[in-house]
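Working notes, structure below.
The values are calculated or read from the model by the stated rules, or taken from the named source; none is laboratory data. Values in this document were obtained by computation on a predicted structure and should not be read as measured data. Neighbour counts run over all protein chains shown; Cβ positions are idealised from the backbone, glycine included.
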Amino acid sequence: MENSVNGDSLEKLKGLQITSLDDDDEEQEQETMPEELDDYYDDDDDEEEEQESVTLGFLEKPINRWSLLRHLFPSKAGGPPAWLDPVNLPSGRSCLCDICGEQLQFLIQVYAPISEMDSTFHRTLFVFMCPSMKCLLRDQHEQWKRPPESSSRSVKVFSCQLPRSNPFYSSEPPKCNGTDKPSGPGVALCNWCGTWKGYKVCSSCRKAHYCSQKHQVNSFERSFIFLLTNSINAQ
């Protein structure tokens, strides 16, 4: 009798289906999920499929320094800009931060020609920004609060374009072997920043040019410290 009971119990245990509590919860959620949520997730899948691919650019160290010269039409970040038009540079308040009034600093340039049009056979975009985080934050705030025509800017983008036939470059593509040279000279740039046109000339040497009095003072102070340090070391 005892053996038969145990046998029946074993048969009943074999017929049991054991599931976890998590599985039960998932089944309940699937059963009670409203149709609106199903449509929502379906829309998300459609949006992911419709998103376009994005091409990212990465900075690389140039193999040759001459590859960053303006007559080779480089795309570059940092350092002085390689002005496409070396004569007609931005001037006046366009070179300054609209918030603090200081000279903008060069960030990046991208060579982006539109060869289908003769007027944009050469085209470069230049991005400048104020190094002050306070100005950048205020710029961002004003973009939200004020219309574009009345807001102040601490980041500015300049576009420069030239036709294929121009006084600065050959109409033939560069050889990129170190022998290329520009067809025409450019204006004297600031000896301190190397970015903007040097309107001021040093009264002592008559050779150095500066875009502002502040940069002239900075250059003088650096030269004075350099000479003072060398004289002390010589003693």
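THR32 - would you say it is modelled with pLDDT of 70 or more, hydroxyl-bearing (Ser, Thr, Tyr) and exposed (fewer than 10 other Cβ atoms within 10 Å of the Cβ)? No: the conditions fail for THR32. Just one of the numbered conditions (1) more than 25 Å from CYS190 (Cβ to Cβ); (2) at pLDDT 90 or above is not true of GLU116: (2).
Among the residues of the stretch 163-205 satisfying the criterion of being among the hydrophobic types (A, V, I, L, M, F, W, C) and in contact with a helix residue (DSSP H, G or I) (Cβ under 9 Å, 6 or more places away or on another chain), which is surrounded by the most Cβ atoms within 10 Å (Cβ to Cβ)? Restricting to residues being among the hydrophobic types (A, V, I, L, M, F, W, C) and in contact with a helix residue (DSSP H, G or I) (Cβ under 9 Å, 6 or more places away or on another chain), the top hit is TRP196.
Taking the stretch 57-113 as the range and being in a loop (DSSP other than H, G, I, E, B) and of a type in the set (D, E, K, R) as the test, the residues that pass are GLU60, LYS61, ASP85, ASP98, GLU102.
The number of residues in the stretch 141-199 being of a type outside the set (Phe, Trp, Tyr) and assigned to a strand (DSSP E or B) comes to 9.
Scanning the stretch 86-111 for residues that are within 25 Å of PRO174 (Cα to Cα) and touching a helix residue (DSSP H, G or I) at 6+ places or on another chain (Cβ under 9 Å) yields PRO86, LEU89. Residue-level analysis places PHE126 among those that are closer than 16 Å to SER75 by Cβ and without any contact (Cβ under 8 Å) to a residue 60 or more places away in the chain.
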